[in-house]
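Each value in this text was obtained by applying a stated rule to the coordinates, not by laboratory testing. Just so we're clear, the structure is a prediction, and the values are computed from it rather than from any experiment. Cβ sites come from the backbone with ideal geometry, for glycine too, and all protein chains shown count toward neighbours.
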């Protein structure tokens, strides 16, 4: 029931964005693509306790795969999204296989190394990726053969919003499945999970693949909506920023990923317009404030407020 | 060779230090064995060797006639060699019901499923309720573990172990850290363990040991110095020297 309300809220917020900011739909579509990336990080960091600073490798894999397919004549948008998801899943399998060999700090360093390697590969393979100029000239066909991707980005935005909602619903099922509970257990105590007779590595690897697919969908959406794929989509900077968005919003709830992305990117947009030189300073200050005042992130803060509201109304259940 | 479980010459060296030396013991089904010994005698190391958290330097672990020494901890659990922990290892933001459900699903190899509901299986739910009922945990079944009493957490450790349907159960100090007012509940749970289950219990509470165990093994400095029935333990001079002397002193002070 709570999740139904949550999903209605996401749709309502998405539609409000559509009506309120008709001139900023490109930015809002970008927010959705990044939100998918941040959701994919939440699966790994928030539900499995594996820290990563290289998640854009999976996002970029989806973006480039969709971009290259599009340039080579695959123009059907849903097919492109599927290609992005598949490429992200394969990249996730690869990344997980490498990262899960290590633990803690070494694992984090590996994630950075992997995204740097992906970045270098995309840079060097310029025949396919366009290198530092980016991959341009994507011409995406109409959605369902009917809806053209228009200049104002209306189709792209609504398409992105629908994708986000579908992915979000699917992930709600994933995290509340037996598999999702097992991951939560591994996050808290892998030794206990082993003593329950479950292996840890294949479970985490499975989550990496799911996470890769989600990040890949985000990347493909970014490619379709902007019709260009740049090296920034496989950058360390994007990886780090999206982890910051997750921490800002709160880990391990899926909602936090959305809240964090919207707040971070909204803040970035607003503050960079006012003061383009110091906006990152402001974001840093905001982050420090959130981490110190609400360690559970902004969504955790919200939950606390609603929970205390319930308590005063209904007493302890 | 009708023993359900035995270890032969189990030895573990950390560098030059032998923490387990040539430990051999056998347990038939239905065994109630207490493993006692002073602090640092190597009791928990022994459990870690048996369950596969540590690999022995020498020796064998045999379950049901099968050598499981080369298997990892997970495979041993799946074969029925199950332990509890000296300090509870539970998921603080999950409920007892969630712990036991996850364990039962794992035993049924259904815990890695994505396309099913966590509470979707009525059979599993019934078994979970039964287990929680047996251990008197029904009233806290849906409270987070971080919010329930430590004695109840210890009972939950046992519930998780039983949910795995073990053949051999190793209880590492099941009453450690539990206020004495709650020990009767732990003891009651121990009395109700399935009769065919072979149980090895490490415990410092001698009253509990003497009431629970049919046999006692005493470990000192990584070596077995005594095997026998509880009534003989107190009379054995080596044991007294190594262990019970301390216990008697500690008791008179307390």
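Details
- Overall dimensions of the protein assembly as shown, expressed as equivalent-ellipsoid semi-axes from the Cα gyration tensor (√(5λ), whole Å, largest first), are 55, 25, 21.
- Centroid-to-centroid, using Cα positions, the stretch B:41-74 and the stretch A:8-81 are 48 Å apart.
- Semi-axes of the equivalent ellipsoid of the stretch A:45-85 are 27, 11, 4 Å, computed as sqrt(5λ) over the eigenvalues of the C-alpha gyration tensor in descending order.
- Neighbouring partner chain Cβ atoms per residue of B:112-123, average, 10 Å criterion: 4
- Mean-position separation - Cα centroids, the stretch A:182-204 and the stretch A:124-164, in angstrom: 40 Å
- Relative exposure of B:140, A:146, judged by other C-beta atoms within 10 Å (fewest first): A:146, B:140
- Mean ellipticity per residue at 222 nm, deg cm²/dmol - from DSSP H runs of n ≥ 4 across chain B, formula -39500 (n - 2.57): -9500 deg cm²/dmol
- Taken over the stretch B:160-247, the alpha-carbon convex hull comes to 116 cubic angstrom per residue.
- Cα-only Debye scattering, chain B: base-10 log of I(q)/I(0) at q = 0.09, 0.11, 0.12 Å⁻¹: -0.41, -0.61, -0.73
- Under the Debye formula (equal points on every Cα, no solvent term), log10 I(q)/I(0) of the stretch B:89-138 at q = 0.23 Å⁻¹: -0.87
- In this calculation the C-beta distance from residue B:18 to residue A:151 is compared with R0 = 60 Å, giving a FRET efficiency of 0.15.
- With 10 Å bins from 0: P(r) over the stretch A:107-175, alpha-carbon pairs, percent: 16, 22, 32, 27, 2
- Averaged over B:67-80, number of beta-carbon atoms from partner chains that fall within 10 Å: 2
- In chain A, helices alone account for a calculated mean residue ellipticity at 222 nm of -24500 deg cm²/dmol, with every DSSP H run of four or more residues adding -39,500 (n - 2.57).
- Shielding by other protein chains, B:188-198, mean Cβ within 10 Å: 0
- Highest mean packing comes first when the peptides A:210-216, A:255-261, A:154-160, B:179-185 are listed by Cβ atoms within 10 Å, giving A:210-216, A:255-261, A:154-160, B:179-185.
- Fraction of antiparallel bridges per DSSP, the protein assembly as shown only, in percent to nearest 5: 55 percent
- Compactness index (Cα Rg / 2.2 N^0.38 Å), the stretch A:39-108: 1.25
- Pairs of Cα atoms in the stretch A:2-233 fall into 5 Å distance bins, from 0 up to the last occupied one, in shares of 1, 7, 14, 18, 18, 15, 12, 8, 4, 2, 0, 0 percent.
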